[in-house]
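The values are calculated or read from the model by the stated rules, or taken from the named source; none is laboratory data. Not measured: the values here are computed from a predicted model. Every residue, glycine as well, gets a Cβ built from its backbone with ideal geometry; the counts of neighbours run over all protein chains shown. The protein model used for the area step is the full one, side chains on, heavy atoms only, and it has no ligands, DNA or RNA in it. Shrake-Rupley method; radii C 1.70, N 1.55, O 1.52, S 1.80 Å.
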Amino acid sequence: IHYHGLPITPATAAHRAIDAGHAFVSFAHSDQLSVAVECAQSFAIDNGAFSAWRAGKPIINWSEFYGWAAQCKLIPSCDFAVIPDVIDGDEAANDALVQEWPLPKWFGAPVWHMHESIERLERLAHEWPRICIGSSGQYATVGGARWWGRMAEAMNAITDKQGLPITKIHGLRMLNVDVFTKLPLASADSTNI
């Protein structure tokens, strides 16, 4: 599933971009939820951690996001929510947020950051029905040689002998044809159209 990231402005352009398609609504731009509900076939929601981190204002208290996610979960076309994560945090900080997730497991998708251990990736893949993979650290450039090497390690850890994943995988910022066509992703997102 190709989720097109919002915001897209003006609203008429957003409608054209996601009409009968799939949208990725960020908590940082939750005002565009109505556009996704109105014209997308389905949508997923992102916690907005990346936007907040880039703005230099990382989110500490996630209660507002949890409330928003709980309301989105009630909308039939809402597929899943990205569980809050600490972009430049360590595994302990990210595991704490996974443990804090107050909504059903089927609705949440924890993030494995590519600079984190393969052991954490394996654990998340065995415990959750869907995980997200985020490019980070020395693997921040999606599609680079180093990135592909790390992705090969990751896929070896969470796919079976036939190359089929043991859980659904969502690729964060991986909606590039040279990327998603070569990986067993269930879905991916991008803010580029």
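Odds and ends about this structure:
- The stretch 137-166 residues that are in contact (Cβ under 8 Å) with a residue 40 or more places away in the chain and under 18 Å from F180 (Cβ atoms), paired with ones that are assigned to a helix (DSSP H, G or I) and small (G, A, S) (beta carbon under 8 Å, 6 or more apart): P165/A125
- Restricting the stretch 170-179 to residues that are buried (at least 18 other Cβ atoms within 10 Å of the Cβ) and free of Cβ contacts under 8 Å to residues at least 40 places away in the same chain, the residue that is nearest to V25 (Cα to Cα): R173
- Residue tally, condition assigned to a loop (DSSP other than H, G, I, E, B) and open to solvent by 10 Å² or more (accessible area, probe 1.4 Å), over the stretch 102-133: 9
- Test: residue in the stretch 3-17 that is of a type in the set (K, R), closer than 30 Å to E153 by Cα and loosely packed, with under 13 Cβ neighbours inside 10 Å: no
- Matching residues in the stretch 22-53 - criterion: being farther than 18 Å from P10 by Cβ, open to solvent by 20 Å² or more (accessible area, probe 1.4 Å) and either among the aliphatic types (A, V, I, L, M) or at pLDDT below 90 (or both): A28, F50, S51, W53
- The residue list G5, G48 contains one member that is within 16 Å of V111 (Cβ to Cβ) and touching a helix residue (DSSP H, G or I) at 6+ places or on another chain (Cβ under 8 Å), which is G48.
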